[in-house]
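Just so it is clear, none of the values below were taken in a lab; they were calculated from the coordinates. Given the structure is predicted, the values throughout are model-derived calculations rather than measurements. With ideal geometry, Cβ positions are generated from the backbone for all residues, glycine too; neighbour counts draw on all protein chains shown.
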Amino acid sequence: MSTETSTEVRRVAVPGPARTAGSDLVRPVYRGTGRRSRRRSVPLRFSVPLLLIAVWWLGSATGWFSAQVLPGPPKVWSAFTELLQTGQLADYTLVSLQRAAAGVALGVAVGLVFGVLSGLTALGEELIDATMQINRAIPFLALVPLFIAWFGIDEKFKVLLIAVATVAPMYAYTYLGVRNVDRKLLEAARSFGLRGARLVFGTVLPTALPSLLMALRICLSISITGLIAAEQVGTREGIGYLVSLAQEYNRTDYMVLCVVLYAVLGLLFDAAVRVLERFAMPWRAGVAAR
């Protein structure tokens, strides 16, 4: 066997008659885990948002952006401090978080149960999948007038609208994760006596955990859209109510502040899921592509 060695790649010729012009094998070179240092990653992660804020600040200061259309960061900050001092900001944000949490909890629970039943059993798929696909195809915003007629404009309407918005992605990713569980793994678990709930919680859900966490991330982001739609109707508390007040009194600084608050909520939700992934799947860093 002839061997050709270089500084990075070692090529090993295939012996015997199987050797052809393009049959040289390349020994893979270990490239490490590919993890970037936090000192380099964190500044890069926030560089683009900070650049956008700088352009926004410069445009408002030089008059490129009209203050009536897009107030500058100083005015938005003044609106933030004003609401913070009065206590309205904390109260409204807490109310919105409670609504989002209740809706997401309900939607995730229903989507998780339906996804497991549909992914594990043929009967469950036949009974559930068609209905869930119909629900996924209908924009949840189109249900707002019907939900108002059915449930009124109180908290039940808001929570159920957010739940309907989040149940479809949770079901889809749960179904996908359960169907991708190795059948041999299930057979091995059953051979050890795992059945029913013990099989689901001990084998199926831990194996499908990457899909479940991705579904949770998407559900949390969609819940913000559902929260905006729900709080535009018949509410006296919440960030959506603040948007309605800003629109009524033509306070564009409050409007921009509410957009920033929704964006911050989205970032916090995503960061929470990322932290959960680190604790729930510590093994993933050693096997992931990067």
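For the range 133-258, the residue among ILE228, VAL181, VAL164 whose Cα projects farthest onto the positive side of the dipole built from Cβ charges is VAL181.
For the chain, the relative contact order works out to 20 percent when only alpha carbon pairs closer than 8 Å and six or more residues apart are counted. Here the relative contact order of the range 131-252, from alpha carbon pairs under 8 Å that lie six or more residues apart, stands at 32 percent.
For the chain, what class follows from the C-alpha gyration tensor (a ≥ b ≥ c being the square roots of its eigenvalues): rounded when a/c is under 1.5, otherwise prolate if a/b is larger than b/c, else oblate?
It comes out oblate by the Cα gyration axes.
Remark: the range 42-54, residue by residue, has Karplus-estimated 3J(HN,Hα) of 5, x, 5, 5, 9, 5, 5, x, 5, 5, 5, 5, 5 Hz, where x stands for each Gly or Pro and the curve is 6.51 cos²θ - 1.76 cosθ + 1.60 at θ = phi - 60°.
If only the Cβ of Lys and Arg carry +1 and only the Cβ of Asp and Glu carry -1, the dipole of the chain around its Cα centre is close to 1460 debye. Placing unit charges on each Cβ (+1 for Lys and Arg, -1 for Asp and Glu) gives the chain a dipole about its Cα centre, and among TRP57, PHE140, GLY240 the Cα reaching farthest toward its positive end belongs to TRP57. Taking a straight line from the alpha carbon of LYS156, these aspartates and glutamates sit under 17 Å away, with near neighbours fewer than eight places off in the same chain left out: GLU231, GLU237. The phi-based Karplus calculation (6.51 cos²θ - 1.76 cosθ + 1.60; θ = phi - 60°) puts the 3J(HN,Hα) values of the range 96-112 at 5, 5, 5, 5, 5, 5, 5, x, 5, 4, 5, x, 5, 5, 5, x, 5 Hz, whole numbers, x for Gly and Pro.
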